[in-house]
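Just so you know, all these numbers are worked out from the coordinates, no wet-lab data involved. Fair warning: this is a prediction, and the values are worked out from it, not measured in the lab. Backbone-built Cβ (ideal geometry, glycine too); neighbour counts: all protein chains shown.
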Amino acid sequence: MFSTIGSPLLEGRHPRWDASIVKRLRDDGAITFCKAKVAEFNLGQAPEVCNPLDLERQVGLAAGAAAALVASGIVPVAVGTQSLGSIAESASYCGVVGFKPSSSLISQSGLFRASKTLEQVGIFSKTVEDAALLAEIVLGSDEQDPDTKGVLPRPLLAVCKEAIPFKPNFVFLKTPDWLDMEAEAKEAIEALLEELADQITIIDLPESTIQSKEWHELIAQAEFTQALETQERQISKKPPKRIADMIKAGSKITAQEYLRALNAIEMVSSSFDEFFDRFDCILTPSSLGFAPLKSEAARPSSLANSLWAVTGMPTISLPILQSGNGLPLGVQLTGKQFDDARLLRTARWFLNHFNQ
């Protein structure tokens, strides 16, 4: 099967073996029904794909087509990758569950990684249980991907189905881009917070957290330039301006700048640990609004999604809210790094609580 990573530069590319995640699914009896379109090199807006909930609206970022396949009922589950917030945002726009496990739990052997630090595998499904089942099948150590060394099997589905031992507590992070959120979407989130009043604490994150977007962009540009070097033998055409500009920007980044950004995101990751001494999950909107029309400019990804991309913590977007005309809006739950089972169990409680 041809696999061009959405780029005409790789026209005719035919991998010699399945990616590890595909092999594990097939070994467990899964049928690979189709491949979804992706943004070129998994970067930016998804290609021309219709949102099954409204054909005139966008499906999200790079993995949006996979979310649309699940939303339309063509497949029960789908996998995609992200280096920013594609899993959460696309799930939000298409009204499905979008689960991104902790970084390094799932092998990325055989996948194109636009960023070795930021690229992560995610899962789209109609239910939290289906996301847990698929994740349980594909996670684990893989000698072809050293990042997964020491990752042991985890009973995600069994824990997900357990009754929650106590009413969960949440913290809602109000990021500096809260003011940029679409008005109706903001009202829906505020109503949700009121309903959870006795279980939620609201914290305003400082303006300094905007730096996470800068670190994210610097790392993404530097590592994309490196990643494209691995494909050089297969590229014979001149890259389009957008890709050429990214390569140019990445090549100008010094080793000192790159290492400083990596150190900064490591500090950010550890700063969230204390949250989970008091709270079960962190709540944020999955996107800054409802799915825009195709004729409109793509909405920027949220600061929260930048934070979760650089920290690698597990996240799950749940289709909880709707606009007046029925467009979905996801609510994103973020858990402690490598405590994916607890996140899934809380997400199942959350979805059931609001669907009663």
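Quick look at the numbers
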quantity: Residues with amide H under 5 Å from that of residue 320, placed H, sequence gap 5 or more; calculated: 329, 331
quantity: Mean-position separation - Cα centroids, segment 123-161 and segment 280-317, in angstrom; calculated: 22 Å
quantity: Cα-based reach from residue 186 at 23 Å (exclusive), listing lysines while leaving out same-chain residues under 8 positions away; calculated: 174, 213, 294
quantity: Of 241, 186, 294, the one that fluctuates the most in a GNM where the chain has Cα springs shorter than 10 Å; calculated: 241
quantity: Using θ = phi - 60° and Karplus 6.51 cos²θ - 1.76 cosθ + 1.60, couplings along segment 300-310 (whole Hz; Gly, Pro as x); calculated: x, 5, 6, 4, 4, 5, 5, 4, 6, 5, 6
quantity: Dimensionless Rg ratio for segment 8-354, taking C-alpha atoms and the 2.2 N^0.38 Å reference; calculated: 0.94
quantity: Distant-in-sequence amide H partners of residue 107 (H built 1.01 Å from N, under 5 Å); calculated: 140
quantity: Normalised contact order of segment 131-253, rounded percent, pairs of Cα under 8 Å and 6 or more residues apart; calculated: 20 percent
quantity: Amide H within-cut-off set for residue 172, under 5 Å, with H built and near neighbours excluded; calculated: 201, 202, 203, 283
quantity: Point-to-point label distance, residue 26-residue 214, nm (Cα→Cβ direction, 7 Å offset); calculated: 4.6 nm
quantity: Tail weight of P(r) past 18 Å, computed on alpha-carbon pairs of segment 94-159, percent; calculated: 38 percent
quantity: Length added when fully stretched, residue 252-residue 144, from 0.36 nm per residue minus Cα-Cα; calculated: 35.8 nm
quantity: Cross-link partners of residue 336 among aspartates and glutamates (Cα-Cα below 13 Å; sequence separation of 8 or more within a chain); calculated: 273, 274, 277, 280
quantity: Point-to-point label distance, residue 127-residue 180, nm (Cα→Cβ direction, 7 Å offset); calculated: 3.7 nm
quantity: Radius of gyration, Dmax [segment 3-161; alpha carbons; angstrom]; calculated: 14.9, 45
quantity: Net length gained if the chain between residue 260 and residue 50 were fully extended (0.36 nm per residue, minus Cα distance); calculated: 71.6 nm
quantity: Residues 277, 130, 27, sorted so that the one with the fewest Cβ neighbours within 10 Å comes first; calculated: 277, 27, 130
quantity: Angle between the chain longest axis and helix 340-354 axis [Cα atoms, degrees, rounded to 10]; calculated: 50 degrees
